[in-house]
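Novice: This is the structure I want to talk about, given as structure tokens.
The values are calculated or read from the model by the stated rules, or taken from the named source; none is laboratory data. Small disclaimer: the values here were computed from a predicted structure and weren't measured. A quick note on method: Cβ atoms are made from the backbone with ideal geometry, for glycine too, and the neighbour counts reach across all protein chains shown.
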Amino acid sequence: MNTLYATFGSGNCFKAHLIMHQLSLPHQVHWIDVLKGEQKEPAFLDLNPNGTVPFLLTAEGKGIAESNAMTWYLGKGSQLFPSSAMAEAETIQWMIFEQTKLEPFISPARFFSVILPERKTEMATQIADWQTRAALGMERLNTHLSARSFMVDNHYSIADISVYGYVHVADEAGLDFGLYPAIGQWIERVQNQPGYCPILSFKPAA
């Protein structure tokens, strides 16, 4: 069985859980409290020297440390995997775009706004800069989705899961979905897919 090391509320961690949930892949979750620094404890660093979550320990005992690499590995051979070499290339393109133009700015702006709000005032200048940078990526994504229903080949795939992880909570980072109607419509389509579960349902047991 796959084991996912995750922290509550993380869009990157949610991606791996969502695809396993939608493909009915048995898995267990080991929760890591990053606010307490558990990702830097020796036991976890022995598993993942990067000291980051998510981290996927496969049933074969191999480790994968990047969220989009996880969706690629988990989706391989399923209906969610790209159906051609060109679709594979486009999927990788959007995965890289997500990790360079969206996640690096949405994630910290959201973190200091809703996860650690006591530092929001202190981080106001940085948050504003992250929002400006994220808006550029959101504009590009909105243009792309204006002409199609899903990210690649017009059907739901790992490309959508990879981009969705943080984009669907961009409002928590202070971005206005009203400025990106095509993204809002795409989010609704993703949420209507079989086996979908919301990010806040992915949480430690009480």
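Novice: All but one of (1) of a type in the set (A, V, I, L, M, F, W, C); (2) surrounded by 18 or more Cβ atoms within 10 Å (Cβ to Cβ); (3) outside the structural domain of Tyr156 (by TED's automatic domain parsing) hold for Ala65; state the number of the condition that does not hold.
Specialist: Every condition holds for Ala65 apart from (2).
Novice: So is Ile161 within 14 Å of the chain's Cα centre (by Cα), within 24 Å of Ala16 (Cβ to Cβ) and surrounded by 20 or more Cβ atoms within 10 Å (Cβ to Cβ) or not?
Specialist: The answer is yes for Ile161.
Novice: Now, a different point. Output the residues belonging to segment 195-206 that are under 17 Å from Lys15 (Cβ atoms) and either surrounded by 15 or more Cβ atoms within 10 Å (Cβ to Cβ) or not aliphatic (A, V, I, L, M) (or both).
Specialist: Listed by number, the residues that qualify are Gly195, Tyr196, Cys197, Pro198, Ile199, Ser201, Phe202, Lys203.
Novice: Further question on the same structure: Report whether or not Ile32 is β-branched (Val, Ile, Thr) and in contact (Cβ under 8 Å) with a residue 12 or more places away in the chain.
Specialist: Criteria met by Ile32.
Novice: Now for a different question. Can you tell me which residue is nearest to the chain's Cα centre (by Cα) among those in segment 114-157 that are surrounded by fewer than 19 Cβ atoms within 10 Å (Cβ to Cβ), assigned to a loop (DSSP other than H, G, I, E, B) and among the hydrophobic types (A, V, I, L, M, F, W, C)?
Specialist: Looking at the filtered set, the residue picked out is Phe150.
Novice: Okay, next question. Does Phe111 count as outside any helix (DSSP H, G or I) and hydrophobic (A, V, I, L, M, F, W, C)?
Specialist: No.
Novice: Filter segment 1-52 for residues that are charged (D, E, K, R) and surrounded by fewer than 20 Cβ atoms within 10 Å (Cβ to Cβ); which is nearest to the chain's Cα centre (by Cα)?
Specialist: In this case the residue turns out to be Asp33.
Novice: I've got another one for you. Restricting to segment 35-78, name every residue that is touching a residue at least 60 places away in the same chain (Cβ under 8 Å) and out of contact with any helix residue (DSSP H, G or I) (no Cβ under 6 Å at 6 or more places or on another chain).
Specialist: Matches in segment 35-78: Leu35, Trp72.
Novice: Might you check whether a residue that is closer than 19 Å to Phe14 by Cβ and either of a type in the set (Gly, Ala, Ser) or modelled with pLDDT of 95 or more (or both) occurs anywhere in segment 119-129?
Specialist: no
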